Every structure is written in structure tokens, then in C-alpha cells.
1. By how many nm would the segment from ASP73 to ASP60 grow when fully extended, if each residue of separation counts as 0.36 nm and the alpha-carbon distance is taken off?
2. Taking 0.36 nm per intervening residue step and subtracting the Cα-Cα distance, what contour gain separates LYS138 from ASN121 on full extension?
3. When the chain is modelled as a GNM with alpha-carbon springs shorter than 10 Å, which of PHE130, PHE49, PHE92 fluctuates the most?
4. Rg/Rh for region 41-80: what does it come to with C-alpha atoms and Rh from Kirkwood?
5. Once you've got the GNM for the chain with C-alpha springs shorter than 10 Å, pick whichever of LEU132, LEU122, LEU82 has the biggest mean-square fluctuation.
6. What size of dipole, in debye to the nearest 20, comes out for the chain about its Cα centre when the only charges are +1 on Lys and Arg C-beta atoms and -1 on Asp and Glu C-beta atoms?
7. In Å and on Cα atoms, what radius of gyration and Dmax does region 23-141 show?
8. With the contact rule set at Cα under 8 Å and sequence spacing of 6 or more, what percent relative contact order holds for region 23-141?
Amino acid sequence: MKKPVLLILLLLFIGNIFANQNPDEILGIWANSSNKAHIQIFKQNGKYFGKIVWLKTPNDATGKAKVDKKNPDKSARNNRILGLVVLRNFLFDDEEWKHGKIYNPEDGKEYKSYIELEGKNLSVRGYIGFSLLGKTEKFTRVQ
């Protein structure tokens, strides 16, 4: 009686290991937690990136396309927010996407970051120095 139960538990454990190991599972379009932007996550040269492909309000009060006006690089301040790459250089390792950077156009700052897939949501954490000093956003799949 003990052997069948152990065998079933072992098979479930092994199935979970292999089920969770698809690094391309995050590819697609995701809504940020406020649903003000949609970010398309794509893969390039073995690394994962994310760019803004939809904005709830793509234009400023004057009707012009929103631009990256707080970018510390003055030459980039006229770049449109729509199409801006905000997630850069993530590598898949041990069930999460690590060693990446996240750019926040609202404050013009870039932060260290990692991404975890939690069920049908992404947990995207940006931080300074240690991961304890940061903020996590929950992304929901759009496509």
C-alpha cells in the first residue's frame, strides 16, 4: 500500500518540476497592475525584454503623444512612451527570470529586477540594492 502512494507522489512531484520549467511561458502581452499600460514580453538573443504596446492615455493634455520626459539621458526625452522598452536583459534561472532591469518612465529611474510566474500572473519586482528594498507589481495576461 505504501509503494503506490509513494509512486503517485513522486510522479506528481516530477510532473510539477517539468511543468514549471518553460522559460518562454512569460512571452505575450501583460497588463500592469493599474491597467494603464500593456507590456509585450519578447525574447531576443536568449534574454527577455518587455516594451509598452498600449497605453490607456497615450497622449498628454495637449493631445501630443506622451514622451519619456524624465529620462536622465536628455537625448532620449523625446522618445515616445508607446514602444518604449521598460524590461531589459532578463535571464531564466531556477524558476524565475533574473538579473534584469526595469525602467520606470514616471520617475526616469532604472531598477534591478526579477520576474516570477505565479499561476496566471507575473510578479515583477523592482528594487535598489537588495530585493527587500523595492516594489512588486502584479501583471495579468492580456494575450
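What follows is calculated from the coordinates using simple rules that are stated; it is not laboratory data. Bear in mind that the values here come from a model prediction, so they are computed numbers and not experimental data. Cβ sites come from the backbone with ideal geometry, for glycine too, and all protein chains shown count toward neighbours.
1. Extra length available between ASP73 and ASP60 comes to 2.6 nm.
2. Gain in length upon complete extension: 5.5 nm.
3. PHE130
4. Numbers: Rg = 13.1 Å, Rh = 12.1 Å.
With Rg and the Kirkwood Rh in hand, the quotient comes to 1.09.
5. The residue with the greatest mean-square fluctuation here is LEU132.
6. 420
7. Gyration radius and largest Cα-Cα distance of region 23-141: 14.1, 46 Å.
8. Over region 23-141, the number comes to 20 percent.
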